[in-house]
Amino acid sequence: INLQSDGKTCTPGMSRFLIFARRTDIRMVSLDIPYYADVVLAVNSSMKNTIAIGVDPKEGKVYWSDSTLKKISRSNINGTAHQDIVSTGLMTTDGLGVDAVGRKVYWTDTGTNRIEVANLDGSMRKVLIWQNLDSPRAIALYHEMGYMYWTDWGEHAKLERSAMDGTGRAVLINNNLGWPNGLAIDMAGSQLLWADAHTERIEVSDLNGQNRRTLVTPVQHPYGLTLLGSHIYWTDWQSRSILRADKNTGANSITVRASLPGLMDIQAVDRERPLGFNKCGRNNGGCTHLCLPRPNGTSCACPTGILLKGDGRSCDDSPETYLLFSNRVSVRRISLDTNDHTDVHVPVPELHNVISLDYDSVDGNLYYTDVTLDVIRRANLDGTGMETVISQGLKTTDGLAVDWVSRNMYWTDTGRNTIEVARLDGTSRKVLVNNSLDEPRAIAVFPSKGFLFWTDWGHIAKIERSHLDGSDRKVLINTDLGWPNGLTLDYDTRRIFWVDAHLDRIESSDLNGKLRQVLVSPVSHPFALTQSKPVSSPLTPFSRLSQQDRWIYWTDWQTKSIQRVDKHTGRNKETVLANVEGLMDIIVVSPHRQTGTNLCGVNNGGCTHLCFAKTNSFVCACPDEPDGRPCSTISGYIPTSPGKGANSTPVPKMIPKAPTDTSRRGPSLVNCTDGNLNSEFCLNTVVTAPHGEGLHISYVIGGVLTILAILILIAAFIIYRHKKSKFAEPGVSNLTYSNPSYRTSTQEVKIEASQKPPIYNQLRYKKEGGVDAGYTKEKIRIVEGVCLLSSEDLYWDDLKQIKHSRGGLHTCIRTDTVSLQTSSASLDDGETEQLLQEEASECSSITTLTPSAITPQRHAQHSLPDTGWASLRKPSTESEV
């Protein structure tokens, strides 16, 4: 900072300076004074692996990305007012560009292979480029020209350009490139400059990629590149220094600062330089959401997944048709309205282990189960209004289905082996099925037909159907089934679709389990599936389906992806989204999906509590536990003299005239309250039995007890046989884990090839930690535990981590064969010691091995471990970390 002309006071801050990221901190070097000294930006926030950096000179804010925390953050240049502006959907944000004129932030993500944009506060986020990207890195913006430039150091390295709205994409240079890292624009000289760490050169061309020439060579391992005035500045991993050279000749190279390990991106800032004219400055360019510059003007855009309306200026609030899926710790959305299938996080709070989802199109609520908290909750899709509707009596709620007509929800509990129902607010809870269930999983409703369907992947796998009240239960399919997981219904063609994770296929049948067909085979390990509903009209016959309406979608544990296929032909298999850990349930939300009606759709059918529709009738039912309100199973009948505090249910203006089962059943008895004690429907009143009836009752009770004893003996025998089969060989455990279990074990396993077991030893979720990382459909052997820690000067191949650490090269595994690779960050000695102490309690036996003791394969090339990034030097066939 300079002294002002009065000789007494100092300037408020630096006017011209360099600002650079050093992995765990951000530093600044003033260019206002004749010497170079770096000062640390005092941000009140921890930094784990800061890579890219940008500056907004107008507001005096610095922006940075952290690939370990997976965030983009900002603060004032003095370190105050720290704020995370993007905290979801990021992997490795290598490049960051601040459009100080247009008030936007752009970034590249080499983990998701996307280029995105958002407002400076992180709102209105949109994916601009998502195709044909390999490893995008640096990004540079030229607002006045409406262009953005970026480098890609993937297998086919290139330098590209597009308009700042993502249109007009073009490859400028794709020959004689190795690892193009840093990128800068010389606006005064109309030049483009880039640093290549493989060819060890800094090169320059015009803004169209022509007139290419070498500016500086050799340079050891350049990473970040910037320019200010007549000089270029760059960071070098190998020399651990910041260097400077003439931007026109490359001459007069000097070292600005040395001995700075962990150097990453660098930017040069002149706060006195005019920003230029904002193309979108007047009324946001007439756009309701995003206004983005391009060479011939501006364009309006919408956040990811939302279509621009016909006026070319405004956007809808959300997509019309989209996927919702869970991956244990988050719920995400993928729009089916756009070609871009980018997933967007739904901001629902307090998610721990989300398994099953469903959506109510009437109220716009998302319903979900959390098996760590053992609750069923609901929330709006904007994250507001979250409430717990079922909080007790749950163990493992695998399946969830909303009856949008009758306003009921159904769920399967594989821990209690029950199927239950309640009103959507959690009241009037009732058990519908609690016998002959082993591992009930997916559940689906057909409100207009009055049917309930579910899968059971237990010892005897089956798909069943009943009425919505649990009556008239029927096994539809129980042959040629392995692990039937997900289930979905096509309400138009009246077919059931399900996935089988043991037989590796997707099948369908009619609603009676007949006309069975294999749709797709093989599939790796499908878990949940859903489908879109075709839109038919006189102008659009059912046979002419739109592109988004012909697909069936499923989640796959083994490929960690969401895939789809034509649901009529089984062809055109595509990957919608890849590299997603912990995938669970998936549903389609569409205005055309939840349609139809039934006799419970008007005033709850006149029922006081639960109304269950059937094909041409309905029944009323009472909850298992009294709620203080008089309950009747007669439609339109409300018991007189309600108890204290009870609320009466109004009689519908028009009782459905369809024949109902209630007329045949007559009124059902209910538990007594003070208000209905004299009612003829009271269950707890004392009734004197006719003479001689007591002996008959004794016979009945004796018979029932005898049958129960026989059933207990049979169950004990089955359990014994099951356990015996699981531990048939000493030391071998058939943990062949299928449909998730919630075992708390975190043991790693050693895989042995064998055939898939014929029964029951299937994948389960863990209540702590999600899907078991050691997943296999085959027999596995648990062996002794070893804890490994890398040394600082080595890095290893094929790291197999069981527990995600804080970036260190450590793991706790149970196998006698080990191989390791580099991590995105290293640990200092204090963190290493602390980590060893933490892991000591998790391994059954701990052995700390030196690198020489395990002799993994090493790369011949040198590495730079203290930067947190490995530098792979020649040959060019190797990928840069």
Exercise for the section: Say whether the condition of being assigned to a loop (DSSP other than H, G, I, E, B) and of a type in the set (Gly, Ala, Ser) is met by at least one residue in region 21-41. Expected result: yes
Handout entry: Matching residues in region 192-236 - criterion: being free of Cβ contacts under 8 Å to residues at least 12 places away in the same chain and assigned to a strand (DSSP E or B)
Key = Arg213
Exercise for the section: Filter region 335-367 for residues that are more than 21 Å from Glu320 (Cα to Cα) and not in a loop (DSSP other than H, G, I, E, B) and give the result. Expected result: Val354, Ile355, Ser356
Completion exercise
Going through region 68-91 in order, the residues found to be in a loop (DSSP other than H, G, I, E, B) and either basic (Lys, Arg) or over 24 Å from Arg333 (Cβ atoms) (or both) are Thr68, Lys70, Ile77, Asn78, Gly79, Thr80, Ala81, His82
Practice task
Count, please, the residues in region 423-452 that happen to be surrounded by 19 or more Cβ atoms within 10 Å (Cβ to Cβ), touching a residue at least 60 places away in the same chain (Cβ under 8 Å), not in a loop (DSSP other than H, G, I, E, B) and not basic (Lys, Arg).
Solution key: 3
Exercise for the section: Name the single residue, out of those in region 41-90 being within 24 Å of Leu260 (Cα to Cα), among the β-branched types (Val, Ile, Thr) and modelled with pLDDT under 95, that is farthest from the chain's Cα centre (by Cα). Expected result: Ile77
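Residues in region 301-319: is at least one touching a residue at least 40 places away in the same chain (Cβ under 8 Å) and within 16 Å of the chain's Cα centre (by Cα)?
Yes, that holds for at least one residue.
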Problem - Enumeration of residues in region 439-492 that are more than 31 Å from the chain's Cα centre (by Cα), farther than 17 Å from Asp413 by Cβ and among the hydroxyl-bearing types (Ser, Thr, Tyr) - result: Ser448, Ser471, Thr479
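Here is a yes/no grid of residues against (1) surrounded by fewer than 18 Cβ atoms within 10 Å (Cβ to Cβ); (2) touching a helix residue (DSSP H, G or I) at 6+ places or on another chain (Cβ under 6 Å); (3) at positive phi:
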site: Asn278; (1), (2), (3): no, no, no
site: Ser299; (1), (2), (3): no, no, no
site: Thr304; (1), (2), (3): no, no, no
site: Arg313; (1), (2), (3): yes, yes, no
site: Val331; (1), (2), (3): no, no, no
site: Asp340; (1), (2), (3): yes, no, no
site: Glu350; (1), (2), (3): yes, no, yes
Problem - Thr151 being modelled with pLDDT of 95 or more, part of a strand (DSSP E or B) and surrounded by fewer than 18 Cβ atoms within 10 Å (Cβ to Cβ) - result: no
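May I ask you to say which residue of Ile139, Ile115 is within 30 Å of the chain's Cα centre (by Cα), more than 24 Å from Tyr233 (Cα to Cα), in a strand (DSSP E or B) and not polar (S, T, N, Q)?
Working: Ile139 fails: more than 24 Å from Tyr233 (Cα to Cα).
Result of the check over Ile139, Ile115: Ile115.
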Problem - Per-region count, region 40-58, residues among the acidic types (Asp, Glu) and outside the structural domain of Pro261 (by TED's automatic domain parsing) - result: 0
Problem - Single match in Gln238, Gln220 (criterion: modelled with pLDDT of 95 or more, within 39 Å of the chain's Cα centre (by Cα) and more than 19 Å from Ile139 (Cα to Cα)) - result: Gln238
Completion exercise
The strands (runs of 3 or more DSSP E) lying wholly within region 453-529 that contain at least 2 residues that are modelled with pLDDT of 95 or more and within 25 Å of His592 (Cβ to Cβ) are 484-490, 495-500, 505-510, 517-520
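The values are calculated or read from the model by the stated rules, or taken from the named source; none is laboratory data. Because the structure is predicted, anything quoted here is derived from the model rather than measured. Neighbour counts are summed over all protein chains in view; Cβ atoms, including those assigned to glycine, are modelled from backbone coordinates with ideal geometry.
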